[in-house]
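Values quoted throughout were computed directly from the atomic coordinates according to the rules given, and no laboratory measurement underlies them. This is a predicted model, so every value here is computed, not measured. When we count neighbours, we look across all protein chains shown, and the Cβ atoms used for this are built from the backbone with ideal geometry, even at glycine.
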């Protein structure tokens, strides 16, 4: 995922320094080239050998270390870097960077970097809230640094409050957002719907389907990594939503209709991957319906057709992509959906095809447009999401020509 990318990690004197070993390891597993710079104070919390073992590169601490390559080392690494993350970032190093003080390998190298710089403050709550530290962070933001808001919680000093460095998994997401994908969706707004809807029968029971939301969540994450401003309208799902997207949680088809149509006019691309109920109970009981002798029937009424509405009220230049889950005549039914609902593309799959059903991590899709049907092989939903976005961008580019 990060093949050919170089990540520079700056580690300063904080108890949270040990967590960066996990981050360095995760980056290496994604095939990134990882270089770690440490302040001398940081070596009191974690040994440089740890990072050298994990990254395969020398951990740099001393600016005047004679055991270096021919190039001026801090300048050479600065030129290679695609992104810099300083985590944990102490108040001392934050102050130095904010005022252009470069007196060790870490600060000297970062001053020479032209790539994106991300900083994760980690310190005692009172230090973090000190107006001087806040002013220094504001200065760094003014100069293009991205500052990660520290988490609140129990700190090593015994205090409870803001100043805790986020977990390595979250820090990794910041790096991935910056360098994992080309930003070919930068400046575009993308709305994705995902998951099932739930239509209440009574306070206990509801009608739903088996959708896990994985395909929609994969699309939202892929669009975010490619630079889009993403809104994810999601039914109830048991998976973590992707970071850096605006999540709009809903339960019913009516709630999804309202959530989507209230912002649809702002969107450049809308991808309807949710499995929305076609019908809901005509009457919702206030109390639990008790079991009785004999049969029971529930009267159903149609829900609002979100795709139909979007197709009939589309914004000029907007791209509409629907999904079609079928069990028979997939191509015929999906092509009919394409025309009836005035869509640009339908991503269709057959529930009976192995690897294409609900809940799984894979999909087998056919992308249907006015001009062609493109059949995709079995692949992960993440890979499928990127191919869908590739196709959307290709069609949008052709229209402009």
| What does the convex hull of the alpha-carbon atoms of segment 256-366 project to on average, in nm²? | 9.9
| query | Over segment 190-232, what relative contact order in percent results from Cα pairs under 8 Å that are six or more residues apart? | reply | 48
| field | Additional length obtainable on full extension of the chain from residue 286 to residue 300, 0.36 nm per residue less Cα span | value | 3.4 nm
| message | Could you tell me how many cubic angstrom of Cα convex hull volume segment 6-179 has per residue? | response | 101
| What full-extension length gain, to one decimal in nm, is calculated for residue 394 and residue 15 as 0.36 nm per residue of separation minus the Cα-Cα distance? | 131.6 nm
| request: Based on a Kirkwood Rh over C-alpha pairs, give the Stokes-Einstein translational diffusion coefficient of the chain at 4 °C and viscosity 1.567 mPa s in µm²/s. | output: 54
| Per residue convex hull volume, Cα atoms of segment 306-351, in Å³ | 57
| field | Residue-averaged [θ]222 nm for the chain, counting only DSSP H segments that reach four residues, each worth -39500 (n - 2.57) | value | -9500 deg cm²/dmol
| task | May I ask you to derive the FRET efficiency for residue 351 and residue 75 from their Cβ-Cβ distance with R0 = 45 Å, giving the value to the nearest 0.05? | result | 0.20
| query | Helix 168-179 versus the longest principal axis of the chain: what angle, 0 to 90°, nearest 10, using Cα atoms? | reply | 80
| message | So if I take the alpha carbon set of segment 172-297, get Rg, then get Rh from the Kirkwood formula, what is the Rg over Rh ratio? | response | 1.11
| request: Assuming R0 = 56 Å, can you tell me the calculated FRET efficiency for the pair residue 387 and residue 293, based on Cβ-Cβ distance, to the nearest 0.05? | output: 0.55
| Modelled label-to-label distance, residue 141 and residue 29, 7 Å Cα→beta-carbon offset: nm? | 3.3
| request: Assuming R0 = 30 Å, can you tell me the calculated FRET efficiency for the pair residue 251 and residue 375, based on Cβ-Cβ distance, to the nearest 0.05? | output: 0.30
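Express in nm, to one decimal, how much length is gained between residue 160 and residue 358 on full extension, taking 0.36 nm for each residue of separation and deducting their alpha carbon distance.
Computed gain between residue 160 and residue 358 is 67.0 nm.
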| query | Pairing the Cα long axis of helix 381-400 with the longest principal axis of the chain, what angle in degrees results, from 0 to 90 and rounded to the nearest 10? | reply | 80
